[in-house]
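Here the structure is laid out as structure tokens; the discussion comes afterwards.
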Amino acid sequence: MKYFTVSLYNMRKFGVGKEEIKSILSDFSCPLNGDVEEFIRCKAYDFDRVGLARTNLIYTFSEDDKPILVAFFTIGLSHVVIGDELSKNDKKRIFGTTYPIGGTLKTLLIGQLSKNYKNGNNRYITGDVLMKIVFERIRKIHQIMPSVVTHIDCKDVFPLRNYYEKFGFHMFKKSDNQLVYLMSTNRIVENTVSIR
Ligand SMILES: CC(C)(COP(=O)(O)OP(=O)(O)OC[C@H]1O[C@@H](n2cnc3c(N)ncnc32)[C@H](O)[C@@H]1OP(=O)(O)O)[C@@H](O)C(=O)NCCC(=O)NCCS
């Protein structure tokens, strides 16, 4: 199956109007995760407009060649604070290096990602394909804006932990019901990520 990605940035740049973009986003459905659904419907447009994060829509084609919105992902910037308690081994495992990278580290954030459950469109894509497309984008970003680690915040539920860990993300911190997952961006770029 072939996929193509359209960024909100390019939609705006090539003259697609605010109302049209918002109408596409408001039709996205993610009953498994209310935060994700609220983000894509209500915040993604403005986050993109002001430069807080870039959202990308993933499409495929139906049998009669109509574009179908199957998923989205959002990339932005964040940071983590690294305590002294981490051992050298932990640092190597989580950050991919023991080089002194400082106490506060800027990170590349996969802010949101989801399949589109509207009309059963989620059946046209898997989480593995979605992450592969996200990693391809990170490889491009890394050429001009490097980062030590790629970062994901997620709810502490088994399916999501399982999903991120199988790509090699390491749990860095847990606060309340939120988990901070990190993976060395070099690892993503060097294509050493294999799905466990
Ligand atoms: C995360 C995701 C891309 C993974 O896709 P996938 O690898 O193809 O896996 P599946 O969609 O088949 O999900 C696997 C299981 O996890 C469950 N699951 C997925 N997201 C979940 C969530 N946010 N909360 C609870 N359970 C979830 C699914 O219901 C499924 O359960 P089942 O095996 O009992 O049917 C996809 O499940 C998704 O889009 N989830 C909703 C959005 C989301 O939560 N994004 C994470 C933001 S941090």
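No lab work stands behind these numbers, since they all come straight from the coordinates. On a predicted model such as this, the values are computed, not experimentally measured, just so you know. Ideal geometry is used to build each Cβ from the backbone, glycine not excepted, and the neighbour counts take in all protein chains shown.
Please verify whether residue 148 is farther than 19 Å from residue 112 by Cβ, among the β-branched types (Val, Ile, Thr), surrounded by 13 or more Cβ atoms within 10 Å (Cβ to Cβ) and touching a residue at least 24 places away in the same chain (Cβ under 8 Å), treating the condition exactly as stated. Walk me through how you get there before you give the answer.
Values: farther than 19 Å from residue 112 by Cβ: yes; among the β-branched types (Val, Ile, Thr): yes; surrounded by 13 or more Cβ atoms within 10 Å (Cβ to Cβ): yes; touching a residue at least 24 places away in the same chain (Cβ under 8 Å): yes.
Yes; evaluated as a whole, the condition is true for this residue.
Farther than 21 Å from residue 12 by Cα and in contact with a helix residue (DSSP H, G or I) (Cβ under 7 Å, 6 or more places away or on another chain), is that true of residue 78?
Details: farther than 21 Å from residue 12 by Cα: yes; in contact with a helix residue (DSSP H, G or I) (Cβ under 7 Å, 6 or more places away or on another chain): no.
So residue 78 does not fit the description; no.
Filter region 8-32 for residues that are of a type outside the set (Val, Ile, Thr), surrounded by fewer than 16 Cβ atoms within 10 Å (Cβ to Cβ) and not in a helix (DSSP H, G or I); which is nearest to the chain's Cα centre (by Cα)?
Ranking the candidates gives 32 first.
For region 33-52, which positions are within 16 Å of the ligand (Cβ to nearest atom), assigned to a helix (DSSP H, G or I) and within 16 Å of the chain's Cα centre (by Cα)?
35, 36, 37, 38, 39, 40, 43, 44, 47
State the number of residues belonging to region 94-131 that are surrounded by 15 or more Cβ atoms within 10 Å (Cβ to Cβ), charged (D, E, K, R) and more than 9 Å from the ligand (Cβ to nearest atom).
The number of residues fulfilling the criteria is 2.
What pairs can you find where one residue is in region 1-23 and closer than 23 Å to residue 132 by Cα and free of Cβ contacts under 8 Å to residues at least 40 places away in the same chain, the other is surrounded by 12 or more Cβ atoms within 10 Å (Cβ to Cβ) and of a type outside the set (Asp, Glu), and their Cβ atoms are less than 6 Å apart, with a gap of 6+ or different chains?
11/21
Taking the condition more than 16 Å from the ligand (Cβ to nearest atom) and over 22 Å from residue 68 (Cβ atoms), does residue 168 pass? Don't jump to the end; show me each part of the working.
Values: more than 16 Å from the ligand (Cβ to nearest atom): no; over 22 Å from residue 68 (Cβ atoms): yes.
In short, no.
Here's a check for you: in region 172-196, which residue that is within 13 Å of the ligand (Cβ to nearest atom) and closer than 29 Å to residue 84 by Cβ is farthest from the chain's Cα centre (by Cα)?
That would be 177.
Any chance you could count how many residues in region 63-82 are over 19 Å from residue 152 (Cβ atoms) and either surrounded by 18 or more Cβ atoms within 10 Å (Cβ to Cβ) or under 25 Å from the mean Cα position of the chain (by Cα) (or both)?
Looking only at region 63-82, we keep the residues that are over 19 Å from residue 152 (Cβ atoms), and these are 63-70.
The next check asks that each one be either surrounded by 18 or more Cβ atoms within 10 Å (Cβ to Cβ) or under 25 Å from the mean Cα position of the chain (by Cα) (or both); those that pass are 67-70.
Here the count works out to 4.
How many residues does region 53-70 contain that are within 16 Å of the ligand (Cβ to nearest atom) and free of Cβ contacts under 8 Å to residues at least 60 places away in the same chain?
Quick first cut of region 53-70, residues within 16 Å of the ligand (Cβ to nearest atom) only: 53, 55-60, 68-70.
Subset that is free of Cβ contacts under 8 Å to residues at least 60 places away in the same chain: 53, 55, 57, 59, 68-69.
Looking only at that region, the number is 6.
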